[in-house]
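**Student:** Dropping a structure here in structure tokens format, bear with me for questions.
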Amino acid sequence: MLMSAEPHSSADAAEHHNAIAELSHDFRLANGRLARRLRQERVDNELTASQFSALGALFVEGALTLRALSERERVTPPSMSRTVNALVSAGLAHRAASSDDGRKVELTATEAGLKLMRETRNRRDAWLAQRVTTLSDEQRKVLAEATVIMRGLANS
């Protein structure tokens, strides 16, 4: 495709902006619906979405300080403290003095927390894999490429 060296007209620019806005809107809706559907595929428990997300961070990252967990989850330390208190009370997370700095507390998932996360991951992966198998080879290739793009958007 050859690009014109001439500047776009304001009508072209407006059309381009509208197309990006519409794509962004449609993508956000589809992504939200998929995320909600995948959240349904978790092991039955009474965790809030915030508690489950924090436990998931400990599952993926391993030991984290309260500050690091707060930053990763993009919440304030006092809010994360309440979340962690609930996880500790439920026997899903553990607090211990940091091996590097005794003044800091490290948080880890307990074996029960790890088990809950593994079972949930397996359920979600199985649900999604079942649907991905119905896609054509070309659709799976596009999905793989989109996954890289989505990861980049999420990390920006």
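The values are calculated or read from the model by the stated rules, or taken from the named source; none is laboratory data. These figures come from a predicted structure and were not determined experimentally. In this analysis, Cβ positions are derived from the backbone assuming ideal geometry, glycine residues included, and neighbour counts consider all displayed protein chains.
**Student:** Are there any pairs with C-beta distances below 9 angstrom linking a residue in the stretch 71-87 that is of a type in the set (A, V, I, L, M, F, W, C) to a residue that is surrounded by fewer than 12 Cβ atoms within 10 Å (Cβ to Cβ) and not in a helix (DSSP H, G or I), with the two at least 6 apart or on different chains, and if so which?
**Tutor:** Qualifying pairs under 9 Å: 86/48.
**Student:** Something else now. When only residues in the stretch 92-106 that are in contact (Cβ under 8 Å) with a residue 24 or more places away in the chain and not in a strand (DSSP E or B) count, which is surrounded by the most Cβ atoms within 10 Å (Cβ to Cβ)?
**Tutor:** 92
**Student:** Then there's this: Just for the stretch 72-91: of the residues that are out of contact with any helix residue (DSSP H, G or I) (no Cβ under 6 Å at 6 or more places or on another chain) and outside any helix (DSSP H, G or I), which one is nearest to residue 47 (Cα to Cα)?
**Tutor:** 90
**Student:** Pairs, please: C-beta under 6 Å, at least 6 apart or cross-chain, first residue surrounded by 12 or more Cβ atoms within 10 Å (Cβ to Cβ) and in the stretch 124-135, second not small (Gly, Ala, Ser)?
**Tutor:** Taking only residues 6 or more apart or on different chains, the pairs are 124/38; 124/41; 127/41.
**Student:** Return yes or no: is residue 42 in a loop (DSSP other than H, G, I, E, B) and within 30 Å of residue 130 (Cβ to Cβ)?
**Tutor:** Spelling it out, residue 42 is indeed in a loop (DSSP other than H, G, I, E, B) and within 30 Å of residue 130 (Cβ to Cβ).
**Student:** Further question: Take the residues of the stretch 58-85 that are surrounded by 18 or more Cβ atoms within 10 Å (Cβ to Cβ) and among the aliphatic types (A, V, I, L, M): which is nearest to residue 115 (Cα to Cα)?
**Tutor:** 58
**Student:** Same structure again: State which residue pairs qualify: first residue more than 17 Å from residue 149 (Cβ to Cβ) and inside the stretch 19-44, second residue aromatic (Phe, Trp, Tyr) in any location, beta carbons under 9 Å apart, and separation of 6 or more residues or different chains.
**Tutor:** 37/127; 38/127; 39/52; 40/127; 41/127; 42/52
**Student:** Return yes or no: is residue 141 loosely packed, with under 12 Cβ neighbours inside 10 Å, over 21 Å from residue 35 (Cβ atoms), within 23 Å of the chain's Cα centre (by Cα) and not small (Gly, Ala, Ser)?
**Tutor:** So residue 141 fits the description; yes.
**Student:** Looking at (1) within 18 Å of the chain's Cα centre (by Cα); (2) closer than 21 Å to residue 143 by Cβ, find the lone condition where residue 48 falls short.
**Tutor:** Evaluating residue 48 over (1) within 18 Å of the chain's Cα centre (by Cα); (2) closer than 21 Å to residue 143 by Cβ leaves (2) as the failure.
**Student:** Can you name the condition, by its number, that residue 89 falls short on among (1) of a type in the set (S, T, N, Q); (2) at pLDDT 95 or above; (3) surrounded by 11 or more Cβ atoms within 10 Å (Cβ to Cβ); (4) more than 25 Å from residue 27 (Cα to Cα)?
**Tutor:** Only one criterion is unmet by residue 89, namely (3).
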